[in-house]
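Right, one structure below, let's go through it.
The values are calculated or read from the model by the stated rules, or taken from the named source; none is laboratory data. Small disclaimer: the values here were computed from a predicted structure and weren't measured. All Cβ positions, even for glycine, are placed from backbone atoms using ideal geometry, and neighbour counts span all protein chains on display.
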Amino acid sequence: MNYLNYIEKIKAAACEILYDAKRHKIYKILYNGRHILVRLWSEVIDGKEIFHDGCQYQRHDENKSAVSITWTYISPEDFYNEFLVNEIQELRILQQRSYGQPKLKKPAACKNINLLGSVDFAFEKSVKCRVWRAGDVVYVLHRDWFSECISYDEAERRGVVSAS
């Protein structure tokens with residue numbers, strides 16, 4: 001695929017087109033619940049916009065308290081592969097359990113698939129989650145995602161913990 005195809009995919013992913021002080025187009029792309037701003041390298045010749053094999057971006061998804069003022073230079077292909085090709089298309093819960101029910105087992109769809117690795121989910125405690133990948137589908141086994149938050153007194157009343 002040549003760079004113009006990647007440029008079209010980047011433009012199609014934009015939720016909004018903004019303009020800087022010099023009236024250059026900036027494409028706003030939603031990412032990680034925030035956004036990335038992308039400037040595609042182009043110039044207007046005889047009234048037609050001609051694109052070049054390059055772009056620059058600012059991430060506004062990493063730090064909620066800081067505003068990025070620098071631009072990162074990258075090719076349209078690398079930008080597409082890094083930020084757009086791996087977007088989650090759909091999220092489904094295959095199994096879930098409540099306290100007192102049997103523990104979850106490896107999903108049936110992952111029976112003949114090797115374990116890809118594990119990821120850490122760290123909120124109040126660190127939880128290691130096993131990860132499998134089958135083609136474009138990623139399976140994450142998270143054993144404590146839906147646990148309700150209860151007070152120590154409530155846990156003691158339910159018999160989850162005991163006073164020593």
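For the stretch 1-54, give me the residue count where each residue is part of a loop (DSSP other than H, G, I, E, B) and over 21 Å from E77 (Cα atoms).
Going through the stretch 1-54, the residues part of a loop (DSSP other than H, G, I, E, B) turn out to be 1-2, 14-15, 20-24, 32-33, 46-47.
Still in the running and over 21 Å from E77 (Cα atoms): 20-23, 33, 46-47.
Matching residues across the stretch 1-54 total 7.
With respect to the stated conditions, L30 is assigned by TED's automatic domain parsing to the domain that holds Y73 and either among the small types (G, A, S) or surrounded by 14 or more Cβ atoms within 10 Å (Cβ to Cβ) (or both).
Yes/no matrix, rows are residues, columns are (1) out of contact with any Lys or Arg (no Cβ under 7 Å at 6 or more places or on another chain); (2) under 28 Å from L30 (Cα atoms); (3) at pLDDT 75 or above; (4) not hydrophobic (A, V, I, L, M, F, W, C):
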| position | (1), (2), (3), (4) |
| --- | --- |
| G100 | yes, no, no, yes |
| L116 | no, yes, yes, no |
| D120 | no, yes, no, yes |
| F123 | yes, yes, no, no |
| R130 | yes, yes, yes, yes |
| Y139 | yes, yes, yes, yes |
| I150 | yes, no, no, no |
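Contact map, the stretch 3-15: first residue within 14 Å of I50 (Cβ to Cβ), second residue acidic (D, E) and assigned to a loop (DSSP other than H, G, I, E, B), Cβ cut-off under 7 Å, separation 6 or more or different chains; the map is empty.
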